[in-house]
Amino acid sequence: MMRIKALIWLRTNIIWSNKNMLLLIAMPFMMSIFYGKWMVIPEEQRLAILLMCLAMSFTFAAGNMVVNFIAEEKEKNNLRALMLAGINSFEYIAATLFFPVIIGLIALVAVPQLTGTAKYLKGNVGPYMLLGLMTMLVVVLLNLMIAIASKTQTQAQITALPITLMTTFLPMVAGIHPVLQVINNYTFMGDFTLFFNNLSIGKVSQSPPYVSCIWLISLIILNVLLFKRNQRQHVK
């Protein structure tokens, strides 16, 4: 537990010393205020705006934060020191997820209020929070996997760019063509997008989020294996 607290303290310092990271954390909330307070948006498009702002929160605020955490630790050799000190994969991943999960939960609660779309979620808050949390965790774990596998911060940011684009734009363009819809259905954004699509026509699918579960379990296993592989390499 002390190691997790120490890592969280280290991440806190990284956040407050990185102005770009603070801007990326604030940007989705600023966009939500812009769309909710200053833009005149037709009622039928408000759920699409909510989905877009949440996707931005997941990728720019939570996902990008993980990339910056790991990349900075690698460049300063802090990650190597942590591995040599015997920190295990659970401690490292738990500490890494701490701030992104908090920001993701704040976004799930605050963005509907800021965009004026909270009324559409009445009666469906449970499925919304569950799917939102699962989707956010998958985005964060994808970025964590990329960051651990990358050697530099630049490499990590470039490799994570397709994840950012897929998270932010694929749900918006999925309805343009059936092929894009099928692709989106099997990505980590599929279940969350389906929830909003069903919500917009007055129904919510009660089927379990199998796709999100598969993504989440697979990424947890991959991140643990990747961390242990890196740990063995550094110990040698």
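Surface composition of the chain: carbon and sulfur atoms hold 69% of the protein heavy-atom accessible area at a 1.4 Å probe. In straight-distance terms, cross-link reach from Lys228 covers every one of the lysines whose alpha-carbon lies under 28 Å from its own, apart from those fewer than eight places away in the same chain; here that gives Lys5, Lys74, Lys76, Lys151, Lys236. Mind checking which of Ser150, Ala174, Met30 is farthest towards the positive end of the chain's charge dipole, using Cβ charges of +1 (Lys, Arg) and -1 (Asp, Glu) about the Cα centre? Looking along the dipole axis, the top candidate is Ser150. Here's the list of lysines a cross-link from Lys119 could span, going by alpha-carbon distance under 24 Å and ignoring same-chain residues fewer than 8 apart: Lys37, Lys203.
The charge dipole of the chain, taken about the Cα centre with unit charges on the Cβ atoms of Lys, Arg (+1) and Asp, Glu (-1), comes to about 620 debye, rounded to the nearest 20.
With a probe of 1.4 Å, find how much accessible area the chain has per residue, and write the answer as a whole number in Å².
Numbers: 11880 Å² over 236 residues.
Per-residue accessible area for the chain comes out at 50 Å².
Couplings 3J(HN,Hα) for segment 134-150, derived from phi with the Karplus relation 6.51 cos²θ - 1.76 cosθ + 1.60 (θ = phi - 60°), are 5, 5, 4, 4, 5, 4, 5, 5, 4, 5, 5, 4, 5, 5, 5, 7, 7 Hz, where x marks Gly and Pro.
In nm, what is the difference between 0.36 nm times the number of residues separating Leu22 and Phe34 and their Cα-Cα distance?
Numbers: separation 12, 0.36 × 12 = 4.32 nm, distance 1.82 nm.
Extra length from Leu22 to Phe34 when fully extended: 2.5 nm.
Each residue of segment 55-63 was assigned a 3J(HN,Hα) from its phi angle through the Karplus expression (A = 6.51, B = -1.76, C = 1.60, θ = phi - 60°), giving 4, 5, 4, 5, 8, 6, 7, 7, x Hz with x at Gly and Pro.
The values are calculated or read from the model by the stated rules, or taken from the named source; none is laboratory data. These figures come from a predicted structure and were not determined experimentally. When we count neighbours, we look across all protein chains shown, and the Cβ atoms used for this are built from the backbone with ideal geometry, even at glycine. For the accessible areas, the whole protein counts, side chains as well, though only heavy atoms, and no ligand, DNA or RNA atoms are used. Shrake-Rupley method; radii C 1.70, N 1.55, O 1.52, S 1.80 Å.
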